[in-house]
Structures are given as structure tokens and as C-alpha cells.
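K.L.:
Could you have a look at this structure, given as C-alpha cells, before my questions?
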Amino acid sequence: MNISLNWLKEFVSLSNISSEEIKDRLTAHTVEVEKIIKQKEQYQNIVVAEILEIKKHPQADKLQLVLVDAGEKENLKVVCGAFNISCGQLVPLAKIGAILPNGLEIKKAEIRGEESNGMLCAEDELGLGSNHDGIMILSSQAKKGELLADYLELNEVVLEIDNKSISNRPDLWSHYGIARELAILFNKKLDDYSTKEIKIKKDNKKEKTKLEVKIEVKNLCQKYLALKIENIKIEDSPKWLKNRLTSLGVKPINNIVDITNYIMFETGQPLHAFDGENIKKIIIKKATKNEKIMGLDEGEKKLEEDDLVISSDKETIAIAGVIGAKNSQINNTTSTIIIESANFDAVSVRKTAQRLNTRTDAAMRFEKGLDPNLCKIAINKAGEMIKKISPSANFNHEIIETGDFVEENKIITLDLDWADKLIGQKIDRKEIKKILESLGLKIEKNKNLKKNEDKSWAEEWDIKIPSWRTKDLSIKEDLIEEIIRIYGYDNIKSSSPKGEIIPPEKDKELELIKKIKKILALSYKMNEVYNYSFVSEEQLLKLNLDPKTYLQLLNPLSTQHTLLRQTMTTHLLSNVKTNQAKYNKIALFEIGNVFLNISGDLNKDETLLNNLPYQEKKIGLILAENTNEKFKNLKNIIFNAIEEISEGAELKFLPTESIIDWADQNEKCLLMLNDKEIGFLATISKEVLNKNGIKKEVSALEISLKSLLSALSNLETKQYQEIPKFPPINRDLAFVIDEKIFYNDIRQEIKDFNPLIKRVDLFDVYSGKNLEANKKSLAFHVIYQSGEKTLTNESVDKIEAELIKLLESKFNAQIRNF
């Protein structure tokens, strides 16, 4: 959007303020000014020239050779295609190097064999009108060699404003709106925008031709005003009006159309002028299906039933808020006009304009949501200007005003203590009051409410919003934004936030899962898998599991996903089958939920009457190899992993007689940590492996994450201990015992025997040659150490002898001597 500084100065005094300062102040506080355009610079190298001689072009019938005097030492020869010129006339000449407003750069050229040193310009080529019938003829008062900009007084300075920065501010789409902002920013007085009421000459004869207006779609048109004016003379606008429009990049058309454009740019309210000779009635309604009209832009518009149109009693004459139809266009023969000033629904206008790809200046304003009060102001201004520019015009008809618009009395309550907190500092109340009132806001009530704990009084203001700001000021935060932007963002002191930073509560389960994944994946090269929580009856039967005890889905994804799993082994075994042909060793783990057919802790709905089925997270591991070492290897993996997770706690493996339906009965055990059962480890039986088509030896284990967390939480916190000052003594003992005795029982007995025994590690298990049937050998590293003195071999020998005697007595253990 372009804004003329000279135009702004009609409403607010900006003397001694540079255009750069205005640009910077507006950009910092209100809108983004992209650049400053000096109109005179757009017409550089375009001068007034006198035609001295006109000759026919020897090589082209439609061209002429024109010799012109541009006030230079030598006359210039120009090739011209227009025939409305004659010798002695003064015309605009674009010299070599000139760039026309439409972007055309003038260069020295040879046209059909003749040299051309410039270009004689038509009105539209200079952006001074729409006439392209011939070269623009200047008055005799122009001087040869004079810059065209000086002769036409094209000395405007224009601010180019980014449209996006004012999308939410319909009041800024006008010169008066920007002037209102500048008056605030520079603390200047804003002149009232006043218009004179149109005086109507009563003529009873005219009652017969009285215009009728009907709004059929009142929700899309809050207000509609129409003024019929007769005895109009259509002609060119006066020079000052043309210059004003030209400075904004708008081509002058004729006096009536130019007035409607002028008022739109000045007030923000679009107007439209119809040729009113044959219009007896105006109807605001929806378009009919497949209706088409020819627009003023010469383009055919195909309408839809949701489009709002302006219709006469005969045909559609405009698309409401977007563009007029060619059938009601003002032309040189028009003598009666109808001026329309209306307020159309913003959403309706935008949808229609977007769909038709017709974003006119009027549409861009309507789609922002204009103040309905502008309608009366704009139509009065139109009557005032028409009366001045076309004195012969007859005002014999009253302004017709219709619509359901009722002005809103919009009040926003502002708590000043709250405002201080949001802004981050306290702004003087007088300053806030001055800012709000300068914006046109009125402080209706000033209330003191006793609400603070320190018995201080909190202050609240009820603020009335003016009609031109009701679209963008709707909540108290909007008022804070207005206060800050006028006060100045740079005037807000920067400071660090004073809020206490409280770290989020740690999720122990999530931390444990991350730790487990890291150990299994990095230390033991196991691969993590993600499987569905759903299983099929076929999978369960192949594991000797009863599908009837499982939860059934009402809407399963497929026949392969009809039940909710209760064990991780189901899918892990399927993973082994899928990958067994590709790998000699398969080591997988998964952490996920299992679901049991019992009531859980989570409520199903807000009634709190029913609970969801029980569910918990489990860790599943599976190891598949071509050897029979898989049970021992998986046992070592989980033992070392738990020791690392628990920072030294030992996992115990206890025999179990409980039935694990898919397990080999000779290789299964419970996992115990801190005397708490956390899971199980077992080898999958040959029968189950065959059912599932598995050709490798497979062991699997499952751990309850909930039980593991509980066991870990009950472990004593490790305390710092000094590094022992005295060296340890290491002894190895090997015992032959009955194979039914568990190593852990003997190990624990050794460890608890004497406080000087600090550590006991099993390093060898043997059965076979040189041993009796049903016997096995267990070999232990036993470490002795004192924190008070250096131990001697004699003292250790004494303890060892007593230990051997105890084990012989309790376990019938014999020292291995081979």
C-alpha cells in the first residue's frame, strides 16, 4: 500500500520531520515501511519537448519521423507511431536512459532503418491516466526542456507499506488512519475528519424515479447506502486529483471514478459508482447458479451460489465488494449515477475475490473488516467532492440507508497490576492513560478492588473501544500490545526472569529402560525389536498356551492379531524363525506391555466404576544358537547386566517346579534380586521348537520391570569406603559335592563364614571323568582382606581349615585333589 506524505500533512502537522524519521518511527511502532518513493525520481530524463517537424517514415506507413526541440544544443529525431501530433505542440519526451513507470527503459534504437533518440509518450505510458489514443499533448504554458515532473508538479514523497504488517488493522488502510498513528507517535494534533451533509433539493417530480434498495442477505451486508445524482458531466479530473492518484500508482480514469478512488484511499471505505440511468432498484443478494458477468477488468467472472452480488431489477451489476460489472460502467455519455457505500462481510468478500483471482483495492479493504460507520462519512464526502468538481450535478434524491448494523459498545477491563506483571515493569499510570486516550480509547470506569494479600488496592479500568478498532482489540492482551508499542519496545528494560527453575520429576521407569537398552545393545550386541501387542490363537497353541485365558479384541486388525499378549516370548520366537536362515546366532530383546485378563489399576472412564485390564511392562530376551551353551550364555548376560544396573547387587538363580508351558523342564529357573522374584529364565523345549519350525537351540527370559524397580529401590545405598591400605590374599578352593546342591548355597556359606572373606567368585564347574556319578566339582576364588593389618598365611590357613570343616559337615563337600 502506498501512502502520500503530502496527503498525510492535510490531517497532521509533520513540518520539520523528515521522511526517513517518519519511516523509522512507523516501522518501530506500527507498520513496516519498506521504502520511500520520491515521485520526481520516477520521471527522470522525461522532459517537455516542442515538435519542430513531422515527416513520413520512408520504410513504414504507420510510423512518422519527428524532429523535436528538448531545450538542448541539438534537436533530436524520434520515430513515433501516433498521428495526433502536429508541429508547434509541446509533448513529453522520454530521453535515452529514462525508465518509464511501467518499467520500460528507453534506449537509442534503429526502427525500420531510421534512428530514434527517445520516445514521445502517451498518458498511460507515463502512468498518468488510461488514455492510449495518442501522444499526451501539454499546454502552451509548459517550457521546452523543463522536467515533466516539475511541469506537472509531481513532487510527492510516497511511503510503501508492507500489506502483511497491517492485515489485522483495517483502520490503517487509509491516509487518515496512518495520519492518526503519526499524530500519536509524534505527539501532534490530529485534525477531525469532517464532511458536509448533502443538501437535497426537493423535487416532487423526482419521486417517480426514486431509487429502491433491498438487502436479501442481511448477515452479509450490515449497512448499505446509495445516493442517486443526476445531470452529471463525465470528464477528466482536475490536475490536483490526478496527481494525487498518480502518486499512489493509480491511473486516473474520469472525475467520478477518480473521486471514489480518492475517498477510498483517504478514508479506507471503498465506494462504487454505477451508471444509474436505467437502474430503478438495487438488490443485494446471492448469485444464481452458473451466473456469469463481464467485469470492469474485461474478464468474464463465473459466479457461484455463495457469492454476494449487487443486482438491479434487470441484471447483476457488481460482485459485492470485489468489482463492478461492465454493463453499469461509467462512460462519457453517463448523466445519472448511483454512488454505493456499503459494509460487506469480510469472509464472503475474501472467498469470492480469492476464487475469482480478483484482488482489487476495494476487496483488500473489505476482507479486513471495515468500520460500518465509514459508510456515511464516505458517501457524504463523495457528494461534497462531486458538487465541487461537477457544479452542474443535481442532488434531488435523499441518501438511501438500510441494514441491520447496530454499533457495538465494546468494553475491555484492564487490571493494571496484571499489566505490570505481563509487561515486566511498571509504567506510570498517567503515561498509560495518555497512550490509551491518544488511540481513541476511552476510560469509562476507574475501579479500586481490595484483593492483594498485603492489603494494597488493585486498580482496574473499564476501557471503551472505538468503532474503528473493534476488529483487532478484543481482549486485555491486545491493550497491553498497544501500550507497549506506543511506549516503545526499546524503553522496556531487559531483565532475567525471576521464576524458580524446577527440574522435572525423574521418571525412574524411563531411566531404567534407557539404561537396560544401552547395556544390552552396546555391551552384549543384542538387537532391539518392536512387535505388536497382539497375537493369534495359532501362535499361542504352538507355545502350549491356552488362548481362552487371553483378552480378545472386538475389532482386530486382522486374523493374526485377535488377542492381547501375556508374554514377550511369543513374538520373540517368531522373530527367531524369521531370521534363523540368515544368522548363526540371534540375540534379541524387547521392552513392551503385556495384558492380563484381570482388573487393573486404571479407570476405564470418568464414572470410576470399571477398570481397564491389568497391564505392565516386561523385558524379554531371547538367545538362539547352534550350541547347547545358550542357557548359560543368557544367564551370564542377565547376571552381568543386573550387576551393572544395580551397581553390584547379585542376581540369584533359583530352581523352580512351576510350570512354564513352553520350557525344557531341565533348564529353567527363577530370577531373584534382593530376595524378590523379578522374572524367569528357561530353555525352550524341543517339542515347542519343532512346532514353530525353529532349527536352533533357544533360551528365553522375561523380567517384570515393576518388580525390578521395586527390588532395586530396596537395595541399600552404597556408601563411600576408603581403599584398603592392606593387601588381599587370594586362595582357590575346589569342592566335590552332590550335583543336586546349588552353587549359590555353598558360595553364600563361604561368604558369610568370616568377615575377612571379602569376595567369593565361582570360576569353574566340572563333572565327568575321575568324578563319581551324580557328583560335580565347584571351584571358587576366595579373597581375604583386613582393613586393620596385613594378613599372614598362617592366619588365613587357620580360617580356611575351619571353613573346609564346616562345608564337609553341612554339604558333605570334599576338597578336590586332582
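The values are calculated or read from the model by the stated rules, or taken from the named source; none is laboratory data. Predicted, not measured: the structure shown is a model, and the values here were computed from it. Here the Cβ is made from the backbone with ideal geometry for all residues, glycine too, and neighbour counts use every protein chain on show. Surface areas here come from the heavy atoms of the whole protein model, side chains and all, with no ligands, DNA or RNA. Shrake-Rupley method; radii C 1.70, N 1.55, O 1.52, S 1.80 Å.
K.L.:
Any idea of Glu21's accessible area? Nearest 10 Å², probe 1.4 Å.
P.N.:
Per-residue accessible area (Glu21): approximately 80 Å².
K.L.:
Using modelled amide H (1.01 Å from N, peptide plane; none on Pro or chain starts), what sits under 5 Å from the amide H of Ile253, excluding residues fewer than 5 places away?
P.N.:
Residues meeting the criterion, in which the H sits 1.01 Å from N, are Asp258.
K.L.:
Roll a 1.4 Å probe over the protein heavy atoms and report the accessible area of Glu459 in Å², nearest 10.
P.N.:
My reading of the accessible area for Glu459 is about 50 Å².
K.L.:
Here are some pairs, Lys630/Lys758; Lys652/Lys706; Lys635/Lys769; Lys77/Lys108; which of them have Cα atoms lying more than 20 Å apart in this structure?
P.N.:
Lys630/Lys758; Lys635/Lys769
K.L.:
Still on this model: Can you work out ³J(HN,Hα) from phi for every residue in region 803-818, in order, using Karplus 6.51 cos²θ - 1.76 cosθ + 1.60 and θ = phi - 60°, giving whole Hz and x for Gly and Pro?
P.N.:
Karplus-based 3J(HN,Hα) across region 803-818 equals 5, 4, 4, 5, 5, 5, 5, 8, 10, 6, 7, 10, 5, 6, 10, 9 Hz.
K.L.:
In addition: Step through the residues of region 391-396 one at a time and calculate ³J(HN,Hα) from phi using the Karplus curve (6.51 cos²θ - 1.76 cosθ + 1.60, θ = phi - 60°), rounding each to whole Hz and writing x for Gly and Pro.
P.N.:
These are the phi-based 3J(HN,Hα) values: x, 6, 5, 9, 9, 9 Hz.
K.L.:
If you don't mind, there's one more thing I want to ask. Compute the Rg to Rh ratio over the chain from the alpha carbon atoms, using the Kirkwood formula for Rh, and round to two decimal places.
P.N.:
1.27
K.L.:
What do you get when you divide the Cα radius of gyration of region 133-181 by 2.2 N^0.38 Å, with N the number of residues?
P.N.:
1.87
K.L.:
With Kirkwood's inverse mean 1/r over C-alpha pairs for Rh, give me the Rg to Rh ratio of region 346-437, two decimals please.
P.N.:
1.17
K.L.:
Report the rotationally averaged projected area of region 225-371 based on its alpha-carbon convex hull, in square nanometres.
P.N.:
Projected area, direction-averaged: 8.4 nm².
K.L.:
How big is the convex hull of the Cα atoms of region 708-818, per residue, in Å³?
P.N.:
Normalising the Cα hull of region 708-818 by residue number yields 136 Å³.
K.L.:
Quick check: pseudo-label points 7 Å beyond the Cα along Cα→Cβ at Lys73 and Glu505, how many nm apart are they?
P.N.:
9.4
K.L.:
Region 611-680: Rg/Rh from Cα coordinates, Kirkwood Rh?
P.N.:
1.00
K.L.:
In units of 2.2 N^0.38 Å, what is the alpha-carbon radius of gyration of region 608-729?
P.N.:
1.33
K.L.:
Identify, among Ile178, Gly134, Met119, the residue whose Cα sits farthest towards the positive end of the charge dipole of region 118-210, taking +1 on the Cβ of Lys and Arg and -1 on the Cβ of Asp and Glu, with the dipole about the Cα centre.
P.N.:
Checked the options; the winner is Ile178.
K.L.:
Decide, for region 677-744, between rounded, prolate and oblate: order the square roots of the alpha carbon gyration tensor eigenvalues as a ≥ b ≥ c, take rounded if a/c falls under 1.5, and otherwise choose prolate if a/b is larger than b/c, else oblate.
P.N.:
Because a/c hits 1.5 or more and a/b fails to exceed b/c, region 677-744 counts as oblate.
K.L.:
About its Cα centre, what dipole magnitude does the chain give when the only charges are +1 on Lys and Arg Cβ and -1 on Asp and Glu Cβ, stated in debye to the nearest 20?
P.N.:
That gives a dipole near 640 debye.
K.L.:
Give the percent of DSSP beta bridges with both residues in the chain that are antiparallel, rounded to the nearest 5.
P.N.:
95
K.L.:
Using amide H atoms built in the peptide plane, which far-off residues or other-chain residues are under 5 Å from Ile684 H to H?
P.N.:
Excluding prolines and chain starts, which carry no amide H, the hits are Asp664, Val698, Ser699, Ala700.
K.L.:
Over all directions, the average projected area of the alpha-carbon convex hull for region 177-296 comes to how many nm²?
P.N.:
The Cα convex hull of region 177-296, projected and averaged over all directions, gives 11.6 nm².
K.L.:
Also: Run the Debye formula on the Cα coordinates of region 151-241, all scatterers equal and no solvent, and tell me log10 I(q)/I(0) at q = 0.11, 0.13, 0.16, 0.19 1/Å.
P.N.:
Log10 of I(q)/I(0), two decimals: -0.71, -0.93, -1.14, -1.18.
K.L.:
Let me check I have the definition right: for region 510-659, take the eigenvalues of the Cα gyration tensor, multiply each by 5, take square roots. What are those semi-axes in whole Å, largest first?
P.N.:
One finds semi-axes of 29, 21, 15 Å for region 510-659.
K.L.:
At Glu606 and Lys314, where each label point lies 7 Å from the Cα along Cα→Cβ, what is the point-to-point distance in nanometres?
P.N.:
Here the answer is 6.3 nm between the modelled labels.
K.L.:
Projected onto the charge dipole of the chain (+1 at Lys/Arg Cβ, -1 at Asp/Glu Cβ, origin at the Cα centre), which of Ala773, Gln615, Pro556 gives the Cα projection farthest towards the positive end?
P.N.:
Projecting each Cα onto the dipole axis, the largest value belongs to Pro556.
K.L.:
For region 1-101, take every pair of Cα atoms, bin their distances at 5 Å starting from 0, and report each bin as a whole percent.
P.N.:
Per 5 Å bin, starting at zero, the Cα-Cα P(r) for region 1-101 comes out as 2, 10, 16, 15, 11, 8, 7, 9, 9, 8, 4, 2, 0 percent.
K.L.:
Share of the chain's accessible area from carbon and sulfur, percent, 1.4 Å?
P.N.:
Using a 1.4 Å probe with all protein chains present, the chain comes out at 46 percent carbon and sulfur.
K.L.:
A follow-up question, please. Using helices alone, I'd like the mean residue ellipticity at 222 nm for the chain: each DSSP H run of four-plus residues gives -39500 (n - 2.57), total over residue count, nearest 500.
P.N.:
-7500 deg cm²/dmol
K.L.:
Compute the Kirkwood hydrodynamic radius of region 746-789, taking the inverse of the mean of 1/r over all pairs of distinct Cα atoms, and give it in Å to one decimal.
P.N.:
12.1
K.L.:
With point charges of +1 on the Cβ of Lys and Arg and -1 on the Cβ of Asp and Glu, referenced to the Cα centre of the chain, which listed residue (Gly592, Val782, Phe11) lies farthest in the positive direction of the dipole?
P.N.:
So the residue we want is Phe11.
K.L.:
In the neighborhood of Asp490, defined by Cβ-to-Cβ distances under 13 Å, what is the net charge if each Lys or Arg adds +1 and each Asp or Glu adds -1?
P.N.:
+2
K.L.:
Another question about this same structure. Can you give the log10 of the normalised intensity I(q)/I(0) at q = 0.12, 0.15, 0.16, 0.21 Å⁻¹, computed with Debye over equal Cα scatterers of region 462-568?
P.N.:
Log10 I(q)/I(0), no solvent term: -0.72, -0.88, -0.96, -1.11.
K.L.:
What value in Å³ per residue do you get for the convex hull of the alpha-carbon atoms in region 208-261?
P.N.:
Spread over its residues, the Cα hull of region 208-261 gives 118 Å³ apiece.
K.L.:
Can you give the three extents of the C-alpha atoms in region 303-355 along their principal axes, from longest to shortest, in whole Å?
P.N.:
In descending order, the Cα extents are 35, 20, 19 Å.
K.L.:
For region 83-124, what does the convex hull of the Cα positions come to per residue, in cubic angstrom?
P.N.:
Spelled out: Cα convex hull of region 83-124, divided by residues, is 100 Å³.
K.L.:
Could I ask something else about it? For region 562-634, count the residues as N, evaluate 2.2 N^0.38 Å, and divide the Cα radius of gyration by that value, please.
P.N.:
For region 562-634, the normalised Cα radius of gyration is 1.52.
K.L.:
Here's something else I'd like to know. Between the helical axis of 374-389 and the dominant principal axis of the chain, each derived from Cα atoms, what acute angle in degrees is found, rounded to the nearest 10?
P.N.:
That works out to roughly 30 degrees.
K.L.:
Still on this structure, I have one more. Can you list the HN-Hα couplings for region 635-651, worked out from phi with the Karplus curve (6.51, -1.76, 1.60; θ = phi - 60°), rounded to whole Hz and with x for Gly and Pro?
P.N.:
Going residue by residue, I get 4, 5, 4, 6, 4, 5, 5, 5, 4, 6, 5, 8, 6, x, 5, 9, 7 Hz, with x marking Gly and Pro.
K.L.:
Here is a follow-up. If all Cα-Cα distances of region 297-399 are sorted into 5 Å bins from 0 onward, what percent lands in each bin, rounded to whole numbers?
P.N.:
2, 11, 19, 21, 20, 15, 9, 3, 0
K.L.:
Non-local amide H neighbours of Glu315 (under 5 Å, H modeled in plane, Pro and chain starts lacking H): which ones?
P.N.:
none
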